[in-house]
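Just below is one structure, and these are the notes that go with it.
The values are calculated or read from the model by the stated rules, or taken from the named source; none is laboratory data. Owing to the predicted nature of the structure, the values given are computational and were not obtained by experimental measurement. Neighbour counts are summed over all protein chains in view; Cβ atoms, including those assigned to glycine, are modelled from backbone coordinates with ideal geometry. Side chains are part of the model used for accessible areas, which takes the heavy atoms of the whole protein and leaves out ligands, DNA and RNA. Shrake-Rupley method; radii C 1.70, N 1.55, O 1.52, S 1.80 Å.
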Amino acid sequence: MFSYRHAFHAGNHADVLKHFVLIQLLKYLNQKDVAYSYIDTHAGAGVYALDSAQATKTAEFETGIAPLWERDDLPAPLAEYVQVIKDMNPSGKMRYYPGSPYCADIVAREQDRLRLFELHPADARLLDENFRKLEQHAAAQGKRPATRGKRVIVNRADGFVGLKALLPPPSRRALVLCDPPYEDKQDYRKVMEMLNEALKRFPGGTYAVWYPLLQRIEARNFAERMKHLPAASWLNVTLCVSTPGPDGIALHTSGMFIVNPPYTLEPILKQVMPYLVKVLGRDAGAKFTLESGEAATARKGGARSA
């Protein structure tokens, strides 16, 4: 049940897509003064050492953040993402990679709230310790919270279940990130059930789902099923870095499906995705797709690829 550890995959091409999109969603929410909730259903450990035994064993960061690290021609939105990583590595050497909770902590404002779920016992402990260290560091520098209540709460619990109690949020503004490991094929079903329930409780929320494109039937049909959710609008973007191998095991393609996306996201993706294909692509099979739609019937834009 607890075999998956993201430390083996930190900073790979899937993380680049996921965290780049996440940061753009958060920056959009920052445009209004009203506070919001960031809810992470599968938060992981929060921070990953790229020189750890797990990371160096697979070196998947070489397919993602590494090729972007020293580029001087990054599109402005992508540069914002890379800067978040560089701020975590002030020495200039790429040693640490932030997971989604740390990306959210860096981009969200003091008045915003982070509610983080992680079921894996070791990762939940590390996540809690990492945020405790951040609080202690801030206190040592004389920084005190300007708002009441706990800004970050880590729950060692199942995010699929725990999300219900947090919706709708007090401010009626929220971004939910859901990126389970999908090692268990039941995760695809659980995501759909979670989204259907969440949209009943809080139809105006923004929900971002990361997913892998694998050979199994559940993965191939997943995005198509999400297009029929009872939501006002959706956006689906995928990044493929190489031609699928004959064994169908290695992760070559992943996607982000956003329910109720901001209007600013699609133009940004049209700018950035061709660049990611050029820089991260490993062979002629590299490409992206981008499509969007409204409600469960009308479609706008259609699919784009390169």
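General remarks:
- If R0 equals 51 Å, the separation of the Cβ atoms of Asp33 and Arg95 corresponds to a calculated FRET efficiency of about 0.90.
- Cα centre as origin, Lys/Arg/Asp/Glu Cβ charges: region 145-252 dipole, Debye: 680 debye
- Computed accessible area, Lys287, all protein chains, 1.4 angstrom probe, square angstrom: 100 Å²
- Evaluated with a Cβ-only charge set (Lys, Arg +1; Asp, Glu -1), the chain carries a dipole of roughly 800 debye about its Cα centre, given to the nearest 20.
- Cα extents of region 207-289 along the three principal axes, largest first (Å): 38, 30, 13
- In plain terms, the chain from Gln186 to Ser233 could stretch by 14.4 nm, reckoned as 0.36 nm per residue minus the Cα-Cα distance.
- Fluctuation leader among Ala104, Ala286, Ala122 - the chain, Gaussian network, Cα springs under 10 angstrom: Ala122
- Solvent-accessible surface of the chain, taken per residue with a 1.4 Å probe and all protein chains present: 46 Å².
- In a fully extended conformation the segment linking Thr243 and Lys200 would gain 11.6 nm over its present Cα-Cα distance, using 0.36 nm per residue.
- Within the chain, longest stretch clear of exposed GluC sites (Glu not before Pro) (DSSP loop, no more than 15 other Cβ within 10 Å): 184-306
- Farthest positive-ward along the chain dipole, Cα basis, beta-carbon charges - from Met194, Phe257, Tyr97: Met194
- Within the chain, helix-based [θ] at 222 nm, where runs of 4 or more DSSP H residues each add -39,500 (n - 2.57), nearest 500: -11500 deg cm²/dmol
- Rounded percent of accessible protein surface that carbon and sulfur make up, the chain, 1.4 Å probe: 52 percent
- Of the trypsin sites (Lys or Arg not before Pro) found in region 12-45, those in coil by DSSP whose Cβ has at most 11 other Cβ atoms within 10 Å are Lys32.
- Net length available on complete extension from Gln111 to Ala284 is 57.7 nm, with 0.36 nm assigned per residue and the Cα-Cα distance removed.
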